[in-house]
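The numbers here are math on the coordinates, done by the rules we state, and not lab data. All of these numbers come straight from a predicted model, not from anything done at the bench. Cβ atoms come from the backbone with ideal geometry, glycine included; neighbour counts cover every protein chain shown.
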Amino acid sequence: MKRRQILSLLAVFIASLVLTVSCNQTVQEAPSGETTSANTEPIVLGYSTWAGWWPWAIAEEEDLFEANNVNVKLQWFDSYIASMESLAAGKLDANSQTLNDTISFAGDAIHGEVAVLVNDNSAGNDKIIVSQEIKSIEDLKGKKVAVEEGVVDDFLLSLALEEKGMSRKDVEIVGMDTGDAAAAFVNGNVDAVGAFPPFWLIALEREGSKELISSKEFPGAIPDLLVVTQKLIDERPDDVQALVNTWFDILEFMEKNPDRADEIMAKRANVSVEELQRLKEGTKIFTIEENLEAFSPGDSMKHMPYAAKKMAKFMVDVGFIEAAPPLDKIFDDRFVKKYAESK
């Protein structure tokens, strides 16, 4: 027999032996005779640069996914838009994204998109920054306002104008990416800009510039979510539950170990711990009770089913989407409810 054949047979024998031992160990280690999620394909969860999503890095650093018996691979995106495109294309199992963006992409997502958890609400981190001479919302009439059309800060602008009996038609909308919008404002090419961090920090570099209004004045207008595919819910509901459970373990870790938590998040965000504190100020992390309220029906922006209808109408009106997807299919509160019942 040739040497390569002997080695091949030996390799097959060793591989079989390893597989047998491995399977035996798995059965012994699994509680109540059940197989563990550690041996399943990892759930690929995308996240990007927003203070309410940086805590996911804590789960990775402190083995909190493993503690909840779920196999998760975190995928960082420098581009938030790229993360949404990846989820819609089926390249991710879950993503961190806003409610309005979930509405935008849900209709075309090949595996569906469903919000199962509210990480936070923007509570001041989205702002309308204006030049020195603008003192009120009414002063925006006829002024050039740079915003990324159809997304969160355009929606914030719309709400602020609506509150004063105005509309987007009363201002000159200059549509561009948020980074470019901030630069245009600093250079004096526009009179106001809608921006999220770090871009409103850049906008405030313009002499005399100031914050006119922020998401703090409109609670519930910008929810930041854990969104998973319908496919993941259908095929691995226990793992979706484990993801939700892990999030609340992260919040508990942050409360008990604030310095370590800030260190991990600052490293992930590539900012100093001091800068992190400033960015955290405008982000309201949601408790389980606030999650339950957000998923429930209601007649204010604090209730996501209501907020979704208002956001969908806005996006259709401005031509950002042709039609809203079925809004009842983008929420699933069973996972936060089950977590609440376990406490």
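Per-residue ellipticity at 222 nm for the chain, helices alone: DSSP H runs ≥ 4 residues times -39500 (n - 2.57), over residue total, nearest 500 deg cm²/dmol?
Taken over the chain, the calculation gives -13500 deg cm²/dmol.
Determine Rg/Rh for region 260-319; Rg is computed over alpha-carbon atoms and Rh is the Kirkwood hydrodynamic estimate from the same atoms.
Rg/Rh for region 260-319 comes to 1.18.
Using only the alpha carbon atoms of the chain, find the Kirkwood hydrodynamic radius as the inverse mean reciprocal pair distance, in angstroms to one decimal.
21.8
Which net charge results when you count Lys and Arg as +1 and Asp and Glu as -1 among the other residues whose beta-carbon is under 11 Å from that of S83?
Charge balance near S83 sits at -2.
Volume per residue, Å³, of the convex hull around the alpha-carbon atoms of region 127-217?
Once divided by residue count, the hull of region 127-217 is 77 Å³.
Can you quote the Å³ per residue value for the convex hull of the Cα atoms in region 294-343, rounded to an integer?
77
Considering the zone a paramagnetic label at E41 would reach in this model (a point 7 Å from Cα along the Cα-to-Cβ line), which residues of region 87-130 have amide N under 11 Å from it?
91-93
For region 120-149 and region 249-289, write down the distance between their C-alpha centroids in whole Å.
First find each Cα centre; the distance between them is then 27 Å.
Within the chain, which complete DSSP H helices have Cα atoms spanning at least 24 Å along the helix axis and a mean Kyte-Doolittle hydropathy of 0.5 or higher?
Result, helices passing both filters: 3-29.
Give me the Kirkwood hydrodynamic radius of region 231-343 in Å, from all C-alpha pairs, to one decimal place?
16.8
Each label point is 7 Å from the Cα along the Cα-to-Cβ direction; what then is the distance between the points at H303 and E322, in nm?
My value for the distance between the label points is 3.2 nm.
Each label point is 7 Å from the Cα along the Cα-to-Cβ direction; what then is the distance between the points at A82 and D238, in nm?
3.5
Please give the FRET efficiency for M176 paired with K343, using the beta carbon to beta carbon distance and R0 = 45 Å, rounded to the nearest 0.05.
So the FRET efficiency works out to roughly 0.50.
Name the residue farthest towards the positive end of the dipole of region 127-217 from the options S158, A183, I137, assuming +1 on Cβ of Lys and Arg, -1 on Cβ of Asp and Glu, about the Cα centre.
I137
So which lysines pass the test for K141, namely a Cα distance under 22 Å, with those fewer than 8 places away in the same chain ruled out?
Leaving aside lysines fewer than 8 places away in the same chain, those within reach of K141 are K127, K164, K169, K210.
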